[in-house]
Amino acid sequence: MRISDLPREIDKLVTKKLIIDARPFIRGRLLDIGCDAKPHKDILADRVEEYIGLDIRPVSYCGNFRVDVVGDAHELPFPRKNFDTILCTQSLMYFDNPKLAIEEMFRVLKSNGFVVATTALTWRQVHRAEKWRFTEFGLRWLFQEAGFFINTIRPKKGIIGAYEKQLADRDEVSKWVQELDEILILGHMVIARKP
């Protein structure tokens, strides 16, 4: 692995850990918006009855997986109140209008359904199509403005968060690295419920 790939790899590990932590909120019919290669499908398979992946492109960016539905997050091709859970990992930053996309999530989600979304905040821009970075307060405003009740917003922490099991018992992890990890927020996970 090249050093330039490290931020992306750490972010993938941290995001996966947060999705695993969010499993109690994931159930029923799930829509994965911006699914690409559906990297979370296997860890959520036992929680959902149906897993539908939507992306703007018919083939994932890595070219090895076809999405289920080609569509735009700003105008979801589904009727109202159609899903129990919406998953949107690392995609909001690509949308032209994240507020409109979140309003669309609200529209297609059933009452008492949950959105689990992860976003970026720091690291360098990975792709030219990235348009946005989100603070905790910005995410809270966007989801509440759309009508959601915020269950939790958790920070996506960096190196320690990604490798905490491997590093937990090692003396070489100094206090300053742990302190840095507290302030280096990679992004956030939002769990929001539609009333």
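Results for (1) of a type outside the set (Asp, Glu); (2) within 16 Å of Thr118 (Cβ to Cβ); (3) in a loop (DSSP other than H, G, I, E, B), shown as yes or no for each residue.
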{"position": "Asp46", "(1), (2), (3)": "no, no, no"}
{"position": "Glu49", "(1), (2), (3)": "no, no, no"}
{"position": "Arg57", "(1), (2), (3)": "yes, no, yes"}
{"position": "Lys81", "(1), (2), (3)": "yes, no, yes"}
{"position": "Ile86", "(1), (2), (3)": "yes, yes, no"}
{"position": "Asp96", "(1), (2), (3)": "no, no, yes"}
{"position": "Lys99", "(1), (2), (3)": "yes, no, no"}
{"position": "Glu103", "(1), (2), (3)": "no, no, no"}
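The set of residues from segment 24-55 being loosely packed, with under 15 Cβ neighbours inside 10 Å, in contact (Cβ under 8 Å) with a residue 12 or more places away in the chain and more than 20 Å from Pro79 (Cβ to Cβ) comprises just one member, Ile43. If the condition is being in contact with a Gly (Cβ under 8 Å, 6 or more places away or on another chain) and surrounded by 17 or more Cβ atoms within 10 Å (Cβ to Cβ), then segment 72-91 contributes Ala73, Phe83, Asp84, Thr85, Ile86, Cys88, Thr89, Gln90, Ser91. In segment 9-16, the count of residues that are assigned to a helix (DSSP H, G or I), within 24 Å of His74 (Cα to Cα) and in contact with a Lys or Arg (Cβ under 9 Å, 6 or more places away or on another chain) is one or more. For Ala129, state whether it is over 17 Å from Trp141 (Cα atoms), at pLDDT below 90 and among the small types (Gly, Ala, Ser). Criteria met by Ala129.
The values are calculated or read from the model by the stated rules, or taken from the named source; none is laboratory data. Just so you know, these numbers come straight off a predicted model, no measurement behind them. Ideal geometry is used to build each Cβ from the backbone, glycine not excepted, and the neighbour counts take in all protein chains shown.
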